[in-house]
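Here the structure comes first, spelled out in structure tokens, and everything after it is commentary.
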Amino acid sequence: LKRIQAEDYEGAAFLKDGGATQTGSLFRLRVANSLLLREKVFRLAYSVYREQGYVQEHACEWVVKALDARPDTFMLLAEDEAGALAGTVTLYFDQAGGIPADVSFSGELDSLRAGGRKVAEVSRLVMESGHRQSKELLVRFFNSIYVQARKIMGITDFIIQVHPRHAPFYQRKLGFEVMGPERPCPQVQ
């Protein structure tokens with residue numbers, strides 16, 4: 001489990017590292033606010049997670065959670081300049097019923113809540129293989145969720161569950177800090 005305080009995000013090293021601006025972008029971000037767009041999010045996540053070995057093959061070919069039905073769940077879908085799916089990210093806001101990380105990290109999250117912090121979980125961050133090294137796409141995703149979470153919803157902390165091999169990237173480039181020990185994640189293998 002990783003955490004970054006939302007007010008510190010703007011100073012993250014990743015943005016100082018030559019991150020692209022939105023002008024002249026090769027990507028179009030769309031809020032997935034229709035069933036059709038959300039189905040694309042779920043299918044893209046399944047495709048990438050299956051390729052990486054994080055989920056096993058199953059008939060519906062979706063990665064979907066019960067929390068996706070909440071009206072405040074914020075999903076972005078990126079398309080490249082050819083209109084092909086490039087990536088997606090989901091943001092879950094903490095409310096009654098919690099966030100996905102509560103399954104494995106409720107103690108750590110309850111400590112934040114007890115301290116008056118407002119948390120949101122970054123989840124289902126995936127990019128198609130041809131776009132995985134795109135710094136521009138990652139910056140666009142994080143800038144967009146930052147505006148939605150911090151500026152509109154008043155979130156103080158971002159939470160993200162990552163595979164241990166990805167942890168150094170999130171710490172070094174995005175300023176996340178380790179908040180809890182490694183634990184199995186029942187949502188992926």
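The values are calculated or read from the model by the stated rules, or taken from the named source; none is laboratory data. No experiment lies behind these values; they were computed from the predicted model shown. No Cβ is skipped: glycine too gets one built from the backbone with ideal geometry, and neighbour counts run over all protein chains shown. Surface accessibility is based on the protein's heavy atoms, side chains included, excluding ligands, DNA and RNA. Shrake-Rupley method; radii C 1.70, N 1.55, O 1.52, S 1.80 Å.
For this structure, a couple of remarks:
- Each residue in the stretch 144-160 was checked for being open to solvent by 50 Å² or more (accessible area, probe 1.4 Å) and either closer than 23 Å to ALA86 by Cβ or part of a loop (DSSP other than H, G, I, E, B) (or both), and 2 of them qualify.
- Filter result for ILE99 (hydrophobic (A, V, I, L, M, F, W, C) and at pLDDT below 90): no
- ALA69 falls short on exactly one of the conditions (1) over 26 Å from GLU182 (Cβ atoms); (2) free of Cβ contacts under 8 Å to residues at least 12 places away in the same chain; (3) open to solvent by less than 50 Å² (accessible area, probe 1.4 Å), and that condition is (3).
- Residues that are of a type in the set (Lys, Arg) and either crowded, with 19+ Cβ neighbours inside 10 Å or not in a helix (DSSP H, G or I) (or both) within the stretch 104-129 comprise ARG117, LYS118, ARG124, listed in sequence order.
So that you can scan it fast, the table gives a plain yes or no per residue for (1) under 18 Å from THR90 (Cβ atoms); (2) part of a helix (DSSP H, G or I); (3) in contact with a Phe, Trp or Tyr (Cβ under 9 Å, 6 or more places away or on another chain); (4) at pLDDT below 85:
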site: ASP8; (1), (2), (3), (4): no, yes, no, yes
site: LEU15; (1), (2), (3), (4): no, yes, yes, yes
site: THR21; (1), (2), (3), (4): no, no, no, yes
site: SER25; (1), (2), (3), (4): no, no, no, yes
site: LEU29; (1), (2), (3), (4): yes, no, yes, no
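- Selection within the stretch 33-59 - within 13 Å of ARG124 (Cα to Cα), aliphatic (A, V, I, L, M) and either at pLDDT 85 or above or open to solvent by 30 Å² or more (accessible area, probe 1.4 Å) (or both): VAL41, LEU44, ALA45, VAL48
- Options ARG172, ARG132: the member that is surrounded by fewer than 20 Cβ atoms within 10 Å (Cβ to Cβ) and without any contact (Cβ under 8 Å) to a residue 24 or more places away in the chain: ARG132
- Residues of the stretch 120-156 that turn out to be touching a helix residue (DSSP H, G or I) at 6+ places or on another chain (Cβ under 8 Å), within 20 Å of VAL63 (Cβ to Cβ) and of a type in the set (A, V, I, L, M), as a count: 7
- Against the conditions (1) within 17 Å of the chain's Cα centre (by Cα); (2) within 19 Å of PHE176 (Cβ to Cβ); (3) open to solvent by 30 Å² or more (accessible area, probe 1.4 Å), ILE99 satisfies every one except (3).
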